[in-house]
Structures are given as structure tokens and as C-alpha cells.
1. Within region 75-95, track down each residue that is buried (at least 20 other Cβ atoms within 10 Å of the Cβ) and in a helix (DSSP H, G or I).
2. Of the numbered conditions (1) surrounded by 15 or more Cβ atoms within 10 Å (Cβ to Cβ); (2) on the phi > 0 side of the Ramachandran plot; (3) not polar (S, T, N, Q), D404 fails exactly one; give the number of that condition.
3. Which residue out of E398, E422, E378 is out of contact with any strand residue (DSSP E or B) (no Cβ under 9 Å at 6 or more places or on another chain) and at negative phi?
4. Does S340 satisfy the condition of being under 26 Å from L181 (Cα atoms) and surrounded by 18 or more Cβ atoms within 10 Å (Cβ to Cβ)?
5. Would you point out which residue out of R249, R227 is among the charged types (D, E, K, R), outside the structural domain of C436 (by TED's automatic domain parsing) and at pLDDT 95 or above?
6. Need at least 2 residues that are surrounded by 20 or more Cβ atoms within 10 Å (Cβ to Cβ) and not aliphatic (A, V, I, L, M) per element, so show me which helices (runs of 4 or more DSSP H) inside region 173-244 make the cut, counting only ones lying wholly within it.
7. Would you call E314 modelled with pLDDT under 95, out of contact with any Cys (no Cβ under 8 Å at 6 or more places or on another chain) and of a type in the set (D, E)?
8. Return yes or no: is C298 within 15 Å of T352 (Cβ to Cβ), part of a loop (DSSP other than H, G, I, E, B) and among the hydrophobic types (A, V, I, L, M, F, W, C)?
Amino acid sequence: MGKVTGFLEIRRQIVEGRPAEERVRDYKQVCAEAPVELVREQGARCMDCGIPFCHTGCPLGNIIPDWNDFAYRNLWHEAIDRLHATNNFPEFTGWVCPAPCESACVLGINDDPVTIKQIELAIIDRAFKAGWVKPIIPKARTGKKVAIIGSGPSGLACAQQLNRAGHAVTVFERADRIGGLLVYGIPDFKMEKWIVERRVNLMMEEGVIFRTNANAGVNVSLTELRREFDAIVLCCGATRPRDLAVPGRDLDGIVFAMDFLPQQNRRIAGGKFIADKEILATDKHVIVIGGGDTGSDCVGVSLRQGCASIRQFELFPMPPETRTPEMPWPTYPMILRSSSSHEEGFATNRLTREWSINTKAFTGGNGRVNKLHGVRLEWEAPPGGSGRTQMRDIPGSEFTIDADLVILAMGFLGPETAGAIEHFNLQLDARGNVKCGHDYMSSQPGIFAAGDMRRGQSLVVWAIMEGRQAAKDVDRRLMGETHLP
């Protein structure tokens, strides 16, 4: 490493975002660009550790120590080459990945880990500004054609890899814009959409064909796709939301997160809504049910829309603030985390976060919700300490609160079965995902699946990895061998 004693001399430092009171007035990205000297200094903290566990923490297997060192030594071109060797879209992961690599950093055993995510983003930003990120056009074409259904991170990664292998790749997207959840699931304040468009434009220059408003099984014939293409890769995501079966659920004003969030993204983009009804949090008492990233995104959007107040409820207990013996290094610890949206809610005195809350019912008037009825929970280990922890209502803890808008952000159950799954009669696994072999091929020869559709709801970084691996296996099936990484 360039500075062997860097981790002893330099403290972890993350560039501060814009003030919370300022950023809730717009949808621009929260974080500011990190100064080059700060990035270089933080790169110097990367240790010359014997076994870089950050590799195992990253689903893509990013060669993190190398590009940390290149950044420290001001070798930015070498840094982006090493970063692109394993990650098609470091600008996506640099903005939205929760950085499991940092949890696995060896320095994190007894100190603050290296700012890997911040360094990654600085490398790719510098590379784009310098004009180093250029289309990679294959030297020859194989004559094989591949259809990819879905243009989220797994579909884009798979498409780029297969195109670079020389195949003719067409991506079918049912929405009006390419990007899947990157465009219509992630709010602009976490990642502005020009970042996605920039990469898609590069892929078009490389030869990838994109078709929007192309819903496979609806206005695109799956039978014809099967006949026209040598392989089909399903990258449709896990889009079936988990619902809440309680009295009053059918009242107006109770919506899924993925009905609420895309509308705001469409407003910013100047597009029309797919939903019949406009959903706005303006001047409303908002309840978000679900304590994960999607719930946090709903908090951030509600604050920007001018909600009167917002509460975020989580069924499970409040996580610990630091690792416990049950969460040893280098595993990704399930500890208490506060997102930029939470910071904004606290700064504006509009957010309350609560754990161990069970929603029992909703009531309202004129067909619209105005009250949530809940109860507080306690969690108990079963007798003997074996089995799953059980929840039970705390007697006398029942409560009722105002609720003008309730957003359900409780995760997803798996892919939609209508369409490709039913048409091709694909087998599903025990969790309702498309069942595939080690080669990512489904129960039907020549039809593959990747991303959330195959492994269930997960992270963008996992989706990119899935797309890359599926591409390798598709290439091997089509050509008998593969040279894709």
C-alpha cells in the first residue's frame, strides 16, 4: 500500500451532506461531492491486511484495496480500470449501496472502517468527467440474439455483458423509461436520474437495443420472443408487495410504497402517472409501516411534499447501536441506522420512529382512512432458548392515532407470476422466486432468470452481480464456452 501507516494516522471522514433544512426543499442529491484530497487521504487508511475481507463483503468481489491505493497515489485511470473490472455500474452502487464491504473491512474490527463507498463514487465521478468512460463495442458479432425482460440493475448488467460478448441484445421494459427500480423506485434525492440515463446512453452506443412500453406477455408476445431469440433472461424483479390483512385495509388513503414513490419520480421527470389516483402527503399526518430502506425513502418524499407529521412503525424491536456477539465481524450487522431521510425528519421535528408496533386496524369516514389502531409488542425467546423469538401484545398498550395517509413499506413477496412465469410454466422455489440451477437457467431450457426475480428482494449490488453471472452462463450455453468475467 502507498501509505502503510495511514490507518494509524488518519481518522475516518465522510463528506457532509447539505443541511437537512435546505435539502427537504428540493429533490437534488443529498450528498456533496467529496474533495479529491479528502478522498486520497481516506484511501491511505486502507491497510496492507493479509486477507482483505472487504472482497467477501462485496457481492461483486470488487478489488477494493487496489483502487483505494490507486486513489491515494493519484492514479485515477488505473483506479477506474480496476473498479470497472468487477462492477459495470459503480455510479449506481456508489450512490445507493449500503456498503457491506465496509462492515467487512479489517480495520473495522477495532476502529472505523475505510470509506470505501465514498472512494468508489469519487473514482467513477472523476472518470466520467475526464472522459475515460467510453462505449466498449465488440470486435465481432456472434449471430446470437438474447432478449432481456426488465431493465433494472440486473437486466442492465446482463445486457452489457452479453453485448460485449458479441451477442445482439434487446432489453424489454414495460415502463416508459429504462432503469427499473433505479428510475421509479429510488428517489431522486438518493440518485438523480441523469446518472442512469448517462449509462443507458453509453450502452446504446455499444449496441444494446432498448424497447420501452414493451410489456412482455401483454403487448409483446412471449411466444414470438421464444421463437425469435436464442435465449431469454428474466430480470423482472420481486414486485409483489407484502400486504397488511387487517380491518379497514380497503379504505382510501392506504397505499403501497411502490404506488407512492414512483409517482414523485414521474412528477420530477415530467411524466404522467400510471395510477388512477394522485397520492400526495401534503399537509397530512402520514404513517409509514415498515422500517427498511423503502420506508425511509417514503419518509424523505413525504417530508419534501410538506406532510404535517410522519411516523415510521417497525414490527420488530429496535436494533442495537453496535455489534453484538450474535453479529460478529465480518458479517453485515443488523444495527440501528439512520438514513438521510431520518436526519431530515428529526431536523424539521416532523418524524417519530417507533419499534415493536403492530397495526391492528384502520378506521375512517366517507370511505377514507383517518385513524390507525395499534398495540405495542414485547418479544420473548421460547422456553429453552430454541426456536424463533415470539411476539405478544403488551396488555393495556393499545393506542389510536391520526392517519391521513398510510404507506405500506413492508417488503416484497417475490415476482409477479402473471406473464412470463405462467406462460412458460416456470417452476418456483419455496420462497416463490423463479427456480434456477447453478447456471441461472430456469426449468425451461434457454430461459434464464437473475436478480430479485431469482434470489428475492435484495440490494442493487447483488442485482448487478446476478446479471453478470447470468450473462456468463448464457454466453456459455450459446457458445459452448465463455470468456466473460
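The values are calculated or read from the model by the stated rules, or taken from the named source; none is laboratory data. Please read all numbers here as calculations on a predicted model, not as lab measurements. Note that each Cβ is placed from the backbone with ideal geometry, even for glycine, and that neighbours are counted across all protein chains shown.
1. Scanning region 75-95 gives W76, A79, I80, R82, L83, P90, E91, F92, T93, G94, W95.
2. Of (1) surrounded by 15 or more Cβ atoms within 10 Å (Cβ to Cβ); (2) on the phi > 0 side of the Ramachandran plot; (3) not polar (S, T, N, Q), only one is false for D404: (2).
3. The unique qualifying residue is E422.
4. Taking the combined requirement at face value, the residue satisfies it.
5. R249
6. Filter on region 173-244 gives an empty set.
7. no
8. Spelling it out, it is not the case that C298 is within 15 Å of T352 (Cβ to Cβ), part of a loop (DSSP other than H, G, I, E, B) and among the hydrophobic types (A, V, I, L, M, F, W, C).
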